Amino acid sequence: MKRLDLLFAAEKASRRSFLRGLSASALATPALSWLAEAAPAQETKPLGIALVGLGSYSTNQLAPALQQTKFVKLTGAVTGTPAKAAEWEKKYNLPRKNIYDYKTFDRIADNPDIDIVYVVLPNAMHAEYTIRAAQAGKHVICEKPMAVSVKECQQMIDASKKAGKQLAIGYRLHSTPQHQEVMRFGREKTFGAIKIVETSDGFRAGDPNQWRLKKSLSGGGALMDIGIYALNASRYITGEEPISVWAQEFKTDPVKFKEVDETILWQLKFPSGAVANSTGTYAASVERLFATAENGWFEMGPCYGYGAIKGRTSKGEINLPQVVHQAAQMDDFAQCVRQNKPTRVPGEEGLKDVRVIEAIYRSIDTGKVINLG
Ligand code: NAD
């Protein structure tokens, strides 16, 4: 049996035995009656998910991953391109009634086949579609960066809370055993208190006409898009929120990167005294996660891409099972929705990154250290 099958079987068995242990009168009490209704459906039926924006990430990563999920199933799509609607209808056997465009999107409220809406649009559109999805009564996964300002992030959190629905950010790495392990090293001080963190993420941005290079759609450049992984990692390795930031920006191609940043280097100071030195860049490929602590060190690389994650520590290799990141992430969220427990990557986590990103841009604009305390 594969790992997910084992988890699914174990979950089914424990739910059954829990339910068997409850008397009929207990299940009739208001506090527990939802269990009697929800449990049979939970055991047999995965939640339905609709992808909003059928671009590269939806097409090449999320839809294939949804062929491997246990607790969530692709049941809908939102696209402005009729040809894509026809293609996805056929390829994924989607009922025509479950495919929307951006104008008809709000009608998703009346569609019981769709429990979760996954926003996979350019960054500046995340807030609008997350809020509309929450208002339509759906749980939401929104891609990173959560939005282009803290103000928008807060509006998204408020809309989901008002709707009584969950909001998660597409931080897939949090659902991988390897990143969970380095979070544990920080939390449990496996190598003592962390002192220095070095994280960097980057790739070479190709097409000069892509939305990623247009500020009105991206909100920012390499930092927003890819540096956010390095930033997020420095926060989850230390388990702390930074108290100050200092940053510098560099451009080798001012024409291509007229509107957005090409390379940003920043330094964070954490309350414990730990410091992080990080890079987000569109100039070259880089994937680095390194931390050194009182009694040892750990590092991972490759560590932010979609494939296998490799890591080692001062005591030896990090040898943990590889998972399909997006399948693990979406199943993880579906389980939280079904069991009404908090997601490990809530909107608040997305907001914390955007708050630091805003401070990094402020530091570049002013040339000063920005206090976040
Ligand atoms: P993409 O350009 O391939 O797809 C964007 C989609 O949005 C396209 O289908 C496009 O038609 C649609 N769209 C709707 N209105 C648009 C408009 N006004 N301008 C441009 N496109 C519009 O981009 P992508 O790589 O799929 O990225 C989408 C989101 O997913 C981004 O927020 C990105 O940061 C995120 N992403 C996350 C990961 C990850 O590993 N978590 C990986 C890639 C992308």
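The values are calculated or read from the model by the stated rules, or taken from the named source; none is laboratory data. A quick note: this is a predicted structure, and the numbers were derived from the prediction, not measured. Please note: Cβ atoms are built from the backbone with ideal geometry, for glycine as well, and neighbour counts cover all protein chains shown. Surface areas here come from the heavy atoms of the whole protein model, side chains and all, with no ligands, DNA or RNA. Shrake-Rupley method; radii C 1.70, N 1.55, O 1.52, S 1.80 Å.
Side notes on the structure shown:
- Helical contribution to [θ] at 222 nm, DSSP H n ≥ 4, -39,500 (n - 2.57), averaged over the chain, rounded to 500: -11000 deg cm²/dmol
- Prolate/oblate/rounded call for the chain, Cα gyration tensor, a/c under 1.5 rounded: oblate
- Degrees, to the nearest 10: 347-366 long Cα axis against longest axis of the chain: 20 degrees
- For the chain, a simple Cβ point-charge model (Lys and Arg +1, Asp and Glu -1, everything else neutral) yields a dipole of about 680 debye relative to the Cα centre.
- The chain: antiparallel DSSP beta bridges as a percent of all, rounded to 5: 55 percent
- In straight-distance terms, cross-link reach from residue 315 covers every one of the aspartates and glutamates whose alpha-carbon lies under 13 Å from its own, apart from those fewer than eight places away in the same chain; here that gives 299.
- Packing-based ranking, highest mean first, of 54-64, 329-339 given that Cβ atoms within 10 Å are counted: 329-339, 54-64
- Listed by chain and number, the aspartates and glutamates whose alpha-carbon sits under 13 Å from that of residue 256, ignoring those within fewer than 8 places in the same chain, are 207.
- Relative contact order %, the chain, counting alpha carbon pairs below 8 Å whose residues are six or more apart: 17 percent
- 29 Å Cα-Cα threshold exceeded, pairs from 73/215; 151/341; 45/84; 45/161; 151/214: 73/215
- Pairs of Cα atoms farther than 20 Å apart, segment 169-286, %: 46 percent
- Among 321, 242, 122, the residue with the largest mean-square fluctuation in a Gaussian network model of the chain, with springs joining Cα atoms closer than 10 Å, is 321.
- Sequence-ordered 3J(HN,Hα) estimates for segment 230-247 from the Karplus curve with 6.51, -1.76 and 1.60 and θ = phi - 60° stand at 5, 5, 4, 4, 5, 6, 7, 5, 7, x, 10, 9, x, 9, 7, 9, 9, 9 Hz, glycine and proline given as x.
- Amide H within-cut-off set for residue 142, under 5 Å, with H built and near neighbours excluded: 119, 168, 169, 170
- Think of the chain as a dipole: +1 on every Lys or Arg Cβ, -1 on every Asp or Glu Cβ, centred on the Cα centre; then among 112, 154, 247, 112 lies furthest on the positive end.
- For the chain, the share of accessible area belonging to carbon and sulfur comes to 54 percent (1.4 Å probe, ligands and nucleic acids excluded).
- Degrees separating the helix 3-20 axis from the principal Cα axis of the chain, which is the longest one: 50 degrees
- With protein chains left intact and a 1.4 Å probe, residues in the chain average 45 Å² of accessible area per residue.
- Within segment 271-373, the percentage of alpha carbon pairs spaced more than 17 angstrom apart rounds to 72%.
- In straight-distance terms, cross-link reach from residue 310 covers every one of the lysines whose alpha-carbon lies under 28 Å from its own, apart from those fewer than eight places away in the same chain; here that gives 2, 70, 144, 189, 195, 269, 352.
- To the nearest ten degrees, helix 150-163 and the longest principal axis of the Cα atoms of the chain are 10 degrees apart.
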